[in-house]
Amino acid sequence: MSKENRLTCSQEDYLESIYLIRKNKGEVRITDIALFMNTSKPSANKAVLLLKEEGLIDHEKYGLISLTKKGELLADDIYFRHKTLMDFLINTLKVEPKLA
């Protein structure tokens, strides 16, 4: 992914959500993402379309969503960064977990 094609924070959140849903549930659908992200199905659908255009996921209309190899690597990196930041905020700075 080139610099001009960097993901927005929202797109990173959607990619990480797909990663976590798949990790916990084994399969991912638009409905799962909308519930996980507490957003509407149209919003989740739009995000999925954008991630597909970036080559990060595969998705057929009304079908399952899967991460491409590129998407898997990026999602794993995003998850690691978010987990590390949460750990720092909670354990080092003593920020409340809900706030962190």
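The values are calculated or read from the model by the stated rules, or taken from the named source; none is laboratory data. The shown structure was predicted, so the numbers you read here are calculated from the model rather than taken from an experiment. With ideal geometry, Cβ positions are generated from the backbone for all residues, glycine too; neighbour counts draw on all protein chains shown. Ligands, DNA and RNA are excluded from the accessible area calculation, which covers all protein heavy atoms including side chains. Shrake-Rupley method; radii C 1.70, N 1.55, O 1.52, S 1.80 Å.
For the peptides 89-97, 46-54, residues were scored by their other Cβ atoms within 10 Å and the scores averaged per peptide; the highest-first order is 46-54, 89-97.
Here log10 I(q)/I(0) by the Debye sum over Cα atoms at q = 0.25 Å⁻¹ was calculated from the structure, and among (i) -1.18; (ii) -1.47; (iii) -1.34 it sits at label (iii). Each label was represented as a point 7 Å from its Cα along the Cα-to-Cβ direction; for D77 and E27 these points are 3.1 nm apart. Listed by chain and number, the aspartates and glutamates whose C-alpha is less than 19 Å from the C-alpha of K70, apart from same-chain residues fewer than 8 away, are E4, E12, D13, E16, E27, E53, E54, D58, E60. A 1.4 Å probe run over segment 21-100, with the rest of the protein chains in place, finds 71 Å² accessible per residue. Our helix-only sum for the chain, with -39,500 (n - 2.57) per DSSP H run of n ≥ 4 divided by its residues, gives a mean residue ellipticity at 222 nm of -18500 deg cm²/dmol. Among the chymotrypsin sites (Phe, Trp or Tyr not before Pro) in segment 12-70, those located in a DSSP loop and surrounded by at most 13 other Cβ atoms within 10 Å of their own Cβ are Y62. Taking every protein chain into account, the 1.4 Å probe leaves T31 with about 60 Å² of accessible area, to the nearest ten.
Here segment 41-82 is scanned for amide nitrogen atoms under 15 Å from the site 7 Å beyond the Cα of L35 along Cα-to-Cβ, giving 41, 65. In this structure, the residue pairs whose Cα-Cα separation is over 29 Å, taken from K61/K98; K25/K94; K41/K94; K46/K83; K69/K98, are K61/K98; K25/K94; K41/K94; K69/K98. Would you mind telling me the share, in percent, of accessible area of the chain contributed by carbon and sulfur at probe 1.4 angstrom? Reported share for carbon and sulfur atoms: 55 percent.
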